[in-house]
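See below for the structure under consideration.
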Amino acid sequence: MANILQVTTPNLNTDNRNIINPQDPRYNANNSAIHNPVDPTRVVRGDGRDGEGNNTQDALLNVLDYQSNYGAFIKGLGEHSELAAVMERLLFTDLAGMRDAGQAEVADLVEKFLMSMRMDSPEDLLDYLQGQGGLQAKFAGDFFNRFRSLLTEGSSQSLQDAALAFLKSYNNYSSGTHLLQQMHTLADDIEQLLLRPYREEFKQLADSMNWQAANGDTAQNTAVLNRSLIPFLSEYVSRTHDYGAIREAVMHLVFHAARYQDGDEERLKKLFESMQNDRDFARIFKEGGRESLEGLLRSGGRPMSGFADGLSELLLKGANGYGGLENVQQFYNIMNGMLLNESVYMPLLHFILPFQYEDNNVMSEMWVDPDSDKDEEGGRKIKLFLKFDIHSVGKFELVMTVQDRQARVQLFVPPHLAKQEKKIQSDVADILKDNNIRFSQLMVRRRLRDRRVDEIFPEIREKERTINVRI
């Protein structure tokens, strides 16, 4: 218990005039070893300090509150800044070792995944990069640019509401297979949480689901969920009064089921058709809207998804220990780093682009702000930060802003290439000209260190001073 009254044991020496009481505030006020001296003559802070000291240093240390959600996000950016390096080691070194070591559970996945990264021609590489960009930026392309125009050009409120409903439904449509996978995992977990007498009946209901259904083909699974699976679980919770983990899993299942049902292909078409009679919609989409939608649906909303599916399956296997227990933490680090870059707090598009070309292993990571400096005059301004490591050459970093087809470029190269500055400038200038891009600045410098994404995009840290606590 705290000695609030500062009671001390009397000194046995009655002649104590020269004995210093260590708790006397007259003697310990300047003692730096004591952080909370009690002095009844003045009001002090909770820790006993008077507020003096290195205020600049204190301010720097207290800029972030790591107990807030956003503070934890910023802290995570620093802790997982080496995502590309960890992933490069996994893909081009450790995975090959797992395959050679005969890890049966991951050998086939490794071989299939490495093949998906192997490029045989510049055309294959271009298609791969564009495909990964389309996979990451779900609402990209001319079709969705028209929707952006519709939402920003002062259309009627009813049309904007209909457009937002369509975009929400499309998002759920394109996530159909992912939602099915999540529900399948939840169903397996729920089966283990149920009391034994109920497991067999639940398993039969879960087996009636088509877990391999394509995006938009939701009718059969929706019927099973709404008429059988969810009512069974609701009755189970009501009968057993199990309000623990089982009910939480059921709520997650219901959430995914609602999104899955909203992504029905027929519903998506009806939402689109409901807007066609609007004058503003017809003006923006003209006659090509229906054909663009059909082309989008034929692609299933998931262009070039083989790479992403293969990577997610491989990471899941590795995190479960099938790639060796010594590699589990590495898989978890990659998963955490990728999820961090998909956080709701991350205002940028994030791309991971590993590939093999001309016997070179290349790991690249890119962040893009498609609407940088919105207050500036002129056209749309795009800013990107690209980090890439060519195994036989070294690490590069590129910072580029593009506005009205004019670019400012900063390229940081490995030390042994710094002497070739003029040649590199000329080659980069030719690449820009081939793509009809002018440049107002083209700087090539020696790369001295790794730059963090929040250094290049300082606006990420602007939210640090907002009120945002973790509960």
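The values are calculated or read from the model by the stated rules, or taken from the named source; none is laboratory data. As the structure is a prediction and not an experimental result, all values here were calculated from the model. Virtual Cβ from ideal backbone geometry, glycine too; neighbours counted across all protein chains shown.
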Being surrounded by 13 or more Cβ atoms within 10 Å (Cβ to Cβ), in contact (Cβ under 8 Å) with a residue 40 or more places away in the chain and of a type in the set (A, V, I, L, M, F, W, C) is the filter here, so list the residues in the stretch 244-260 that pass it. Ile246, Ala249, Val250, Leu253, Ala257
Output the residues belonging to the stretch 267-280 that are over 33 Å from the mean Cα position of the chain (by Cα), in a helix (DSSP H, G or I) and under 19 Å from Ser169 (Cβ atoms). Glu273
Phe202 aromatic (Phe, Trp, Tyr) and farther than 23 Å from Glu265 by Cβ: yes
Restricting attention to the stretch 311-365, which residues are among the aliphatic types (A, V, I, L, M), assigned to a helix (DSSP H, G or I) and under 26 Å from Asp124 (Cβ atoms)? Leu311, Leu314, Leu315, Ile334, Met338
Single residue of the stretch 206-232 satisfying the filter (under 12 Å from Val254 (Cβ atoms) and within 32 Å of the chain's Cα centre (by Cα)) that is surrounded by the fewest Cβ atoms within 10 Å (Cβ to Cβ): Asn226
Given (1) modelled with pLDDT under 90; (2) closer than 24 Å to Asn361 by Cα; (3) in a strand (DSSP E or B), where does Leu398 come up short, assuming only one miss? (1)
Taking the criterion of being surrounded by fewer than 15 Cβ atoms within 10 Å (Cβ to Cβ), of a type in the set (S, T, N, Q) and under 34 Å from the mean Cα position of the chain (by Cα), would at least one residue in the stretch 236-243 satisfy it? no
As an exercise: evaluate Gln220 against (1) touching a residue at least 60 places away in the same chain (Cβ under 8 Å); (2) assigned to a helix (DSSP H, G or I); (3) not hydrophobic (A, V, I, L, M, F, W, C) and give the number of the one condition it does not meet. (1)
Given (1) under 26 Å from His178 (Cβ atoms); (2) at pLDDT below 75; (3) not hydrophobic (A, V, I, L, M, F, W, C), where does His252 come up short, assuming only one miss? (2)
Is it true that some residue in the stretch 347-366 is charged (D, E, K, R), touching a Leu at 6+ places or on another chain (Cβ under 7 Å) and modelled with pLDDT of 85 or more? yes
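Within the stretch 401-426, track down each residue that is of a type in the set (D, E, K, R) and under 23 Å from Trp367 (Cα atoms). Can you show your working first?
First, the residues of the stretch 401-426 that are of a type in the set (D, E, K, R): 404-405, 408, 419, 421-423.
If the condition is that a residue be of a type in the set (D, E, K, R) and under 23 Å from Trp367 (Cα atoms), then Asp404, Arg405, Arg408 are the ones that fit.
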Go through the stretch 281-301 and give me each residue that's part of a helix (DSSP H, G or I) and either of a type in the set (Val, Ile, Thr) or within 19 Å of Ser174 (Cβ to Cβ) (or both). Ile284, Gly289, Arg290, Glu291, Ser292, Leu293, Glu294, Gly295, Leu296, Leu297, Arg298
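Determine, yes or no, whether Leu186 is surrounded by 15 or more Cβ atoms within 10 Å (Cβ to Cβ) and in contact (Cβ under 8 Å) with a residue 12 or more places away in the chain. Please lay out each step first, then the result.
Values: surrounded by 15 or more Cβ atoms within 10 Å (Cβ to Cβ): yes; in contact (Cβ under 8 Å) with a residue 12 or more places away in the chain: yes.
Considered against the rule, which asks whether it is surrounded by 15 or more Cβ atoms within 10 Å (Cβ to Cβ) and in contact (Cβ under 8 Å) with a residue 12 or more places away in the chain, Leu186 comes out as yes.
For residues in the stretch 431-469 being under 19 Å from the mean Cα position of the chain (by Cα) and over 20 Å from Glu365 (Cα atoms), which is modelled with the lowest pLDDT? Lay out the reasoning, then the answer.
First pass over the stretch 431-469, keeping only residues under 19 Å from the mean Cα position of the chain (by Cα): 451-464.
Within this subset, residues satisfying the condition of being over 20 Å from Glu365 (Cα atoms) are 461-464.
On the way: Arg461: 73, Glu462: 67, Lys463: 58, Glu464: 52.
Ranking the qualifying residues of the stretch 431-469, first place goes to Glu464.
Condition check ((1) in contact with a Cys (Cβ under 6 Å, 6 or more places away or on another chain); (2) surrounded by 14 or more Cβ atoms within 10 Å (Cβ to Cβ); (3) part of a helix (DSSP H, G or I); (4) not polar (S, T, N, Q)) across all residues:
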{"residue": "Leu150", "(1), (2), (3), (4)": "no, yes, yes, yes"}
{"residue": "Asp161", "(1), (2), (3), (4)": "no, no, yes, yes"}
{"residue": "Ser169", "(1), (2), (3), (4)": "no, yes, yes, no"}
{"residue": "Asn172", "(1), (2), (3), (4)": "no, yes, yes, no"}
{"residue": "Pro197", "(1), (2), (3), (4)": "no, no, yes, yes"}
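Could you tell me which of the residues Phe412, Phe439, Phe385 is touching a residue at least 12 places away in the same chain (Cβ under 8 Å), more than 20 Å from Pro458 (Cβ to Cβ) and either in a strand (DSSP E or B) or touching a helix residue (DSSP H, G or I) at 6+ places or on another chain (Cβ under 6 Å) (or both)? Working first, answer last.
Numbers: Phe412 fails: more than 20 Å from Pro458 (Cβ to Cβ); Phe385 fails: more than 20 Å from Pro458 (Cβ to Cβ).
It is Phe439.
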Kindly list, by first and then second residue, each pair from a residue in the stretch 193-211 that is within 17 Å of Leu225 (Cα to Cα) to a residue that is part of a loop (DSSP other than H, G, I, E, B), limited to pairs with Cβ atoms under 7 Å and residues at least 6 apart or on different chains. Phe202/Leu194
